[in-house]
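Enquirer: One structure, pasted below without further comment.
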Amino acid sequence: MRNRTGPTLLIADDDHKDVQAIVNVVSGLGCGFITATTGATAWREFSRSRFDLVVADLNMPGGDGGVLARRVRTRSTTPFLLLSELGAASLEICRIDDMAGIEVVSKPLVAADLRDAIEGQLRLVLTPGQPRTPPAAAA
């Protein structure tokens, strides 16, 4: 699904309940989205289209969220939300702690926290005159 005027997100998660929760949040924000249930499918979608934000689960088949984040970084600086029960430790575990623009959102998902994270990342990309440098790189 695409929203012609709003931002478009790539949502990658193999848990149907979590996908629905994410879709509810992004739809409420007026965002378009494409979903994928494996890392491989998410990478294929990312390679075909332009996204304003990637939201991906850490633990999914066909290349987890850490693998997807590394692959995305080879092509772009698109902001990336990594969903994980491990919290911020996920970045180090996946060896992506040195990559800018990747934020961890803890699972189980809390709609308000997810909405805040999505809005924060989109603000970096979509605010006119705002540098596209993610917060981790600006520090």
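The values are calculated or read from the model by the stated rules, or taken from the named source; none is laboratory data. Just so it is clear, the structure is predicted and the values come from calculations on it, not from any experiment. Because the Cβ atoms are built from the backbone with ideal geometry, glycine has one as well, and the counts that use them run over all protein chains shown.
Enquirer: Could you say whether any residue in segment 56-72 is in contact with a Ser or Thr (Cβ under 9 Å, 6 or more places away or on another chain), modelled with pLDDT of 85 or more and part of a strand (DSSP E or B)?
Expert: yes
Enquirer: Look at Val19 and say whether it is crowded, with 17+ Cβ neighbours inside 10 Å and in contact (Cβ under 8 Å) with a residue 60 or more places away in the chain. Give the derivation first.
Expert: Working: crowded, with 17+ Cβ neighbours inside 10 Å: yes; in contact (Cβ under 8 Å) with a residue 60 or more places away in the chain: no.
Answer is no for this residue.
Enquirer: For residues that are touching a residue at least 60 places away in the same chain (Cβ under 8 Å) and surrounded by 17 or more Cβ atoms within 10 Å (Cβ to Cβ), tally how many sit in segment 22-45. Before the answer, list the steps.
Expert: Initial filter on segment 22-45 (touching a residue at least 60 places away in the same chain (Cβ under 8 Å)): 22, 24-26, 28-29, 31.
Checking which are surrounded by 17 or more Cβ atoms within 10 Å (Cβ to Cβ) leaves us with 22, 25-26, 31.
Total satisfying the criteria: 4.
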